[in-house]
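Q: Sharing a structure, written as structure tokens. Questions coming.
The values are calculated or read from the model by the stated rules, or taken from the named source; none is laboratory data. Computed from a predicted model, the values in this text were never measured in an experiment. All Cβ positions, even for glycine, are placed from backbone atoms using ideal geometry, and neighbour counts span all protein chains on display.
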Amino acid sequence: MIRRRCIHELFEQQVRRAPEAVALVHEDEELSYGELNARANRLAHHLIALGVRPDQPVAICLERSPAMVVGLLAILKAGGAYLPLDPAYPSARLRQIVEDAAPRRLLCDAAGRAALGPEALVDLTVVDLETATPAWADQSADDPDPRALGLSPRHLAYVIYTSGSTGTPKGVMVEHHSTVNLLHWSSGVFAESEISRTLFSTSISFDLSVYECFVALSQGGTLYLVEDALALAQTPLDVSLINTVPSAIAALVDKQAVPASTRVINLAGERLKADLIERVFESSGAEKICNLYAPSETTTYSTWICMPRGEAVVETIGRPIANTRIYLLDAHGQPVPFGAVGELYIGGAGVARGYLNRPELTAERFIASPFVEGDRLYRSGDLGRYLPDGNLEFLGRNDDQVKIRGFRIEPGEIAARLCEHAWVRDAVVVARADRAGDQHLVAYVVCGPEAGSDDEDGSGLAGALRAHLGGRLPDYMVPAAFVRLDGLPLTPNGKLDRQALPAPDDDAYARTAYEAPQGEVETALAEIWAELLGVERVGRNDNFFELGGHSLLAVQLMERLRRLSLGVEVRTLFARPVLADLAASLGSHHEVAVPANLITEHSTAITPQMLPLIELAQPEIDRIVATVPGGVGNIQDIYGLSPLQDGILFHHLLASRGDPYLLVSQMAFADRGLLERYLGAVQQVVDRHDILRTAFVWEGLSSPAQVVWRKAVLEVSEVELDDCDGSGADELRRRFDPRQYRIDLGRAPLLRFVIAREPGSGRWLLLQLLHHLIGDHTTLEVMHAEVRAVLDGRAHELAAPQPFRNLVAQARLGVDAKAHEAFFQEQLADIDEPTMPFGLSEVRGDGSGSREARRMLPQALNDRLRQQARRLGVSLASLCHLAWGQVMALSSGREQVVFGTVLFGRMHAGAGADRALGLFINTLPVRLDLDGTGVEASVRTTHARLSELLAHEHASLALAQRCSGVAAPAPLFSALLNYRHNTPAMAGVGTSDVLSGMEWLGSEERTNYPLTLSVEDSGEALGLTAQVVEPISADRVCGYMQQVLEQLAEALEHAPNRPVRNLDILPAAERSYLLEDLNRTAADYPSERCIHELFEQQVRRAPEAVALVHEDEELSYGELNARANRLAHHLIALGVRPDQPVAICLERSPAMVVGLLAILKAGGAYLPLDPAYPSARLRQIVEDAAPRRLLCDAAGRAALGPRRLSI
């Protein structure tokens, strides 16, 4: 029905409903609905008499007063289309509109006459609404009949002029039905109370006024008519809804002038920033802020998003309103991919008829829809894209599209990204020619006070904004210059005045072109980068990570810089990855001085003063000496444990059997001679490295110690495999499975070998057991490389071994515990629950019951992830940590997650750490927030947190946990991520003559954590290895990680502001399984029958059969049915109808069953009340359900009480 109404008919409907209600308030004057309608009707009949007809424009140029509202309604009632002329507009503009629209009649007052000037009035029939004796005073106060006028909703309601790109305004013709659709939509999304007191502050020449004026009048609300929105700063009004532009609401917020009564604020017409939304909520009582969008050509509003207080604030224009369709199309009119930029085409009920007197432009901008038959689309010229949640992001106009260096660029997209910076309030980007005539991008920004004063270095602002954009856009979209303005220059009609934009000065440029390194330090650093990163030329503005750097290369870089006495903390590299910035920081870090080892080959005794890296009393030292074969003469050093060694020893002692920290690997040799050569080479490597000759002592000591033996002979055990079933390698692994097998930590080396002849062949099998206390992944790689060098006859080429005591010195003498504690308190203080994915909580297991799965990621995904890491100037590890964090979040139900990350441990371990053997790695907690933050911002945050964590890589995990809100013995986390740069441990084995005859059979690592994911980065590919306790599937864990990495790459490429919490971890097959396969429960049932009909079917089948037994009483189906029927007919007579609740409160008896059946048969819904329940509970149910009838007995009466029996 509403589609067949005109705008004013909706108002008239409210007049009939409540004629005395207040319709309009202006200063001290109030008009009721009845009085406003009567005035408008008299004027309408006068206009009809003057010859106003449907589709004829009638100009209205009045000051803001009740007469203006009367005039608008009168024109509509007379069948005309109002042509708004604001007397505050420039006279030339008004005359231009009058000339183009050629109205024959004008409603005006003195202000309107003056604004238009006498020449414009010559050809018009002027109706002066200020006249003391109006000619229409005696006209009928009755509503004109639209049918008698030939008026329909397809006729024009108004013609509103907007600015044209050529400078000539164009009149948009809007029909009644389009505005009625807007009003009807509004009535469905806003409660009457929310629009009951609407501020009418917008000029009638601006289409926001259509909403303000007619939404309230069509729904029975009151209009509060003011000069403009800023009038609220002088005269507070009791309004519930404000509909205005962002700049106006910002001014009201600054003046603290948003009325306390305001519940809804609609904002449109300008870009709406998140910080303004937050400021409005902070400074007002508004419950909702709505961002609305539409060109005038699609009737005021076409899309909207409502942001209730307390929910996420988003910078989007939302989704289409009712009966509106939005398409994002490319230059060929085809839909663009999801997340891509396209031009907004708008269809549906709001599309205007076209432009007045502009048929060619109408044909160009209003086209037939190729998607919906009979629909028309308005080609808006606005650009947008879909965000992952289905909301639209507005990106400016395509008129501004430019081409720079062959790239087609939308400056609006760049401006949108600029406006995301905290300093920027508004921005526009244009293309300008430089002195040489080349086109480049220039950004003009309006900044807040936090950006500093205009007098400060402009290049600093340019650098900050360039860095901001550089992380979000391709290089070719980053402006060459950034100009700060107090405000963007505007033309008289409110559009950007491009001619007034000043040319940028030198400070506006952020240098980006290649600049050669300056000075010796920059030059040396550039040479190292070029060598490590494999690039020909490195400039002083190049970024280490953008050039392909990562943490393993960072270690090598640290080592190279140490050799040049240019020490620097690794976190400085991560925080300042640009060459010039890093060069300025070199030499600022001083290595911890490692105290000398005072034990010599000639020492005959060891005293406490000789042990600077551990505090031991003399009796404790003597106890250690007693454990070493050969006594003092075989002791090279004694020192304390590193933090991770402490933790591993603790878990080793805690386990009753087995050892999760034994690393197992296996090889096969063609003959015994080759095996002996290999073992001899291993012995030489053991002789070189102190950590491979280290044993651990703890019994009788105040703190555990590690003691380095001067000579430690390999322990090799030979076993027989003749009687084994199956593979000999499998049998070896089974016999020495670390789940049951342990080694003595007090006897060096903690590297044991088991050998056996392979049954049925001449090969020899070797199983290696290396304890984690003396090595990590890099240790294995370096050890195998050195063994190969010995076998190749290249032992003399090996670099001098690095003592493990250097790491112990760094850990014990480097960053102090207070600094560690402050860092982890900041990160973890508010974490009061463990992060336990899949509910896995047992952290001190022995690794038993766990399964392993491996997979390589698709090469295309690997390439995309690396490309995004380079684009953002972050490590690939940062992307993987964020992805794993989302797996943690969705598998634990928490947005703030903590998991363990395995740190390389060689960043601050002193000179030579990149090639030293020993346990350098450490496991520490990383905290990530998987919330509404965009994925790109989340990647940067993750990178920053990992960078900060590196400075604390030798902190104790126990200390970190104490800094959280999780009380021991509960673990802080139960999952690990181990990101490591791999080279296969036996790469090249079998390819050389010396090593031919050897075969690598594989290795196995385990952990005491129930869930571990290792990301293996070989430089060209990425692999995943998951270890997880049953019943969780390790392969599924790999699948979750791969899926979220796919989603992360997609989001970074196309929707960088997509909330990180929205990244999905479920692969398509698993999603289908969960949502569809597990829910295939379709089955036939008598869906057209009611419950009691099934009972009646049994009555007909066997009426004499026993239906109910209670104590000594039996009821047959026939008797039970008869009793229920009698009662049912009585209830029907009492007025019981379908969907009505009928209360039943009876003791358990046949009467209770009769009552239930009777209520159903009568069509009611039974409301069960158990008389055994507390009376207060029963009364609460009765009050809420409000039944009008009750079946009860004495017990029911007593339970409910007399007050409730009035039903």
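Q: Of the residues that make up the stretch 844-856, is at least one surrounded by fewer than 16 Cβ atoms within 10 Å (Cβ to Cβ), at pLDDT below 90, closer than 22 Å to R962 by Cα and not assigned by TED's automatic domain parsing to the domain that holds Y1009?
A: No.
Q: Then there is this: Would you mind finding the one in R319, R309 that is surrounded by fewer than 19 Cβ atoms within 10 Å (Cβ to Cβ) and closer than 25 Å to G412 by Cα?
A: On inspection, the qualifying residue turns out to be R319.
Q: Quick one: count up the residues across the stretch 193-213 that are in a loop (DSSP other than H, G, I, E, B) and in contact with a Leu (Cβ under 6 Å, 6 or more places away or on another chain).
A: Summing the residues that are in a loop (DSSP other than H, G, I, E, B) and in contact with a Leu (Cβ under 6 Å, 6 or more places away or on another chain) in the stretch 193-213 gives 1.
Q: Among the strands (runs of 3 or more DSSP E) lying completely within the stretch 44-128, list those that include at least 1 residues that are buried (at least 21 other Cβ atoms within 10 Å of the Cβ) and of a type in the set (V, I, T). Before you say what the answer is, go through the steps one by one.
A: Numbers: elements: 57-61, 81-84, 105-108, 125-128.
Fully inside the stretch 44-128 and qualifying: 57-61, 125-128.
Q: Name every residue in the stretch 167-190 that is part of a loop (DSSP other than H, G, I, E, B) and over 15 Å from E212 (Cα atoms), in order of residue number.
A: Matches in the stretch 167-190: G167, T168, P169.
Q: Ok, one more. Within the stretch 170-183, does at least one residue satisfy the condition of being surrounded by fewer than 20 Cβ atoms within 10 Å (Cβ to Cβ) and either free of Cβ contacts under 8 Å to residues at least 24 places away in the same chain or not basic (K, R) (or both)?
A: Within the stretch 170-183, none of the residues are surrounded by fewer than 20 Cβ atoms within 10 Å (Cβ to Cβ) and either free of Cβ contacts under 8 Å to residues at least 24 places away in the same chain or not basic (K, R) (or both).
Q: Are there strands (runs of 3 or more DSSP E) fully within the stretch 214-269 with at least 2 residues that are under 33 Å from the mean Cα position of the chain (by Cα)? List them.
A: So the answer is 241-244, 264-268.
Q: Consider only pairs whose beta carbons are under 7 Å apart and that are at least six residues apart or on different chains; among these, list those whose first residue lies in the stretch 50-61 and is acidic (D, E) and whose second residue is outside any loop (DSSP other than H, G, I, E, B).
A: D55/A81; D55/L156
Q: Here's a check for you: in the stretch 682-718, which residue that is in a loop (DSSP other than H, G, I, E, B) and in contact with a Phe, Trp or Tyr (Cβ under 9 Å, 6 or more places away or on another chain) is farthest from V754 (Cα to Cα)?
A: Only one residue fits best here, namely P704.
Q: Output the residues belonging to the stretch 795-819 that are touching a helix residue (DSSP H, G or I) at 6+ places or on another chain (Cβ under 8 Å) and either crowded, with 21+ Cβ neighbours inside 10 Å or on the phi > 0 side of the Ramachandran plot (or both).
A: Restricting attention to the stretch 795-819, the residues satisfying the condition of being touching a helix residue (DSSP H, G or I) at 6+ places or on another chain (Cβ under 8 Å) are 795, 797-799, 801-807, 811, 817.
Within the stretch 795-819, Q802, P803, F804, R805, L807, A811 meet the criteria.
Q: A further question follows. Mind listing just one residue for me: the one in the stretch 693-714 that is basic (K, R) and either surrounded by 18 or more Cβ atoms within 10 Å (Cβ to Cβ) or in contact with a strand residue (DSSP E or B) (Cβ under 7 Å, 6 or more places away or on another chain) (or both) and, of those, farthest from V682 (Cα to Cα)?
A: R710
Q: Starting from residues that are in contact with a strand residue (DSSP E or B) (Cβ under 9 Å, 6 or more places away or on another chain) and either at positive phi or part of a helix (DSSP H, G or I) (or both), keep the ones in the stretch 270-289 and report whichever is surrounded by the fewest Cβ atoms within 10 Å (Cβ to Cβ).
A: In this case the residue turns out to be D275.
Q: Is there a residue in the stretch 1117-1138 that is free of Cβ contacts under 8 Å to residues at least 24 places away in the same chain and of a type in the set (V, I, T)?
A: No, every residue in the stretch 1117-1138 fails to be free of Cβ contacts under 8 Å to residues at least 24 places away in the same chain and of a type in the set (V, I, T).
Q: Pull up the stretch 368-401, narrow it to residues that are crowded, with 16+ Cβ neighbours inside 10 Å and among the aliphatic types (A, V, I, L, M), then point me to the one that is nearest to K273 (Cα to Cα).
A: Of everything passing the filter in the stretch 368-401, L395 is nearest to K273 (Cα to Cα).
Q: Given the residues E786, E826, E833, which is the only one that is under 48 Å from the mean Cα position of the chain (by Cα), farther than 23 Å from I638 by Cβ, acidic (D, E) and crowded, with 19+ Cβ neighbours inside 10 Å?
A: Details: E826 fails: crowded, with 19+ Cβ neighbours inside 10 Å; E833 fails: crowded, with 19+ Cβ neighbours inside 10 Å.
Unique residue meeting the criteria: E786.
Q: Hey, can you tell me all the residues within the stretch 184-218 that are aromatic (F, W, Y) and either farther than 25 Å from G171 by Cα or surrounded by fewer than 22 Cβ atoms within 10 Å (Cβ to Cβ) (or both)?
A: Listed by number, the residues that qualify are W185, F190, F206.
Q: Now for a separate question. Any idea which residue in the stretch 374-392 is nearest to E1053 (Cα to Cα), counting only those that are of a type in the set (S, T, Y) and either in a loop (DSSP other than H, G, I, E, B) or more than 19 Å from the chain's Cα centre (by Cα) (or both)?
A: Checking each candidate, the answer is S380.
Q: Continuing with the same structure: Kindly list the number of the only condition in (1) out of contact with any His (no Cβ under 7 Å at 6 or more places or on another chain); (2) touching a residue at least 40 places away in the same chain (Cβ under 8 Å); (3) over 21 Å from H176 (Cα atoms) that fails for S91.
A: Unmet condition: (2).
Q: Can you tell me how many residues in the stretch 987-1018 are crowded, with 21+ Cβ neighbours inside 10 Å and modelled with pLDDT under 80?
A: 4
Q: Taking the stated definitions as given, is S717 surrounded by fewer than 16 Cβ atoms within 10 Å (Cβ to Cβ) and modelled with pLDDT under 90?
A: no
Q: Right, something else. Would it be correct to say that E1070 is within 31 Å of the chain's Cα centre (by Cα), at pLDDT below 85, of a type in the set (D, E) and outside any loop (DSSP other than H, G, I, E, B)? Spell out the reasoning first.
A: Numbers: within 31 Å of the chain's Cα centre (by Cα): yes; at pLDDT below 85: yes; of a type in the set (D, E): yes; outside any loop (DSSP other than H, G, I, E, B): yes.
The answer is yes for E1070.
Q: Identify all residues within the stretch 1139-1172 that are of a type in the set (V, I, T) and either surrounded by fewer than 19 Cβ atoms within 10 Å (Cβ to Cβ) or touching a residue at least 40 places away in the same chain (Cβ under 8 Å) (or both); write none if there are none.
A: If the condition is that a residue be of a type in the set (V, I, T) and either surrounded by fewer than 19 Cβ atoms within 10 Å (Cβ to Cβ) or touching a residue at least 40 places away in the same chain (Cβ under 8 Å) (or both), then V1142, I1144, V1153 are the ones that fit.
Q: Which one is modelled with the lowest pLDDT among residues in the stretch 498-511 that are surrounded by 13 or more Cβ atoms within 10 Å (Cβ to Cβ) and in a loop (DSSP other than H, G, I, E, B)?
A: R511
Q: Could you grab me the full set of residues in the stretch 512-532 that are surrounded by 14 or more Cβ atoms within 10 Å (Cβ to Cβ), assigned to a loop (DSSP other than H, G, I, E, B) and either in contact with a Ser or Thr (Cβ under 8 Å, 6 or more places away or on another chain) or of a type in the set (F, W, Y) (or both)?
A: Scanning the stretch 512-532 gives a single hit, P517.
Q: Which of the residues spanning the stretch 534-546 are buried (at least 17 other Cβ atoms within 10 Å of the Cβ), under 18 Å from L876 (Cα atoms) and of a type outside the set (D, E)?
A: Answer for the stretch 534-546, where residues must be buried (at least 17 other Cβ atoms within 10 Å of the Cβ), under 18 Å from L876 (Cα atoms) and of a type outside the set (D, E): N543, F544, F545.
Q: With respect to the numbered conditions (1) farther than 30 Å from A363 by Cβ; (2) not in a helix (DSSP H, G or I), which one is the sole condition not fulfilled by L292?
A: (1)
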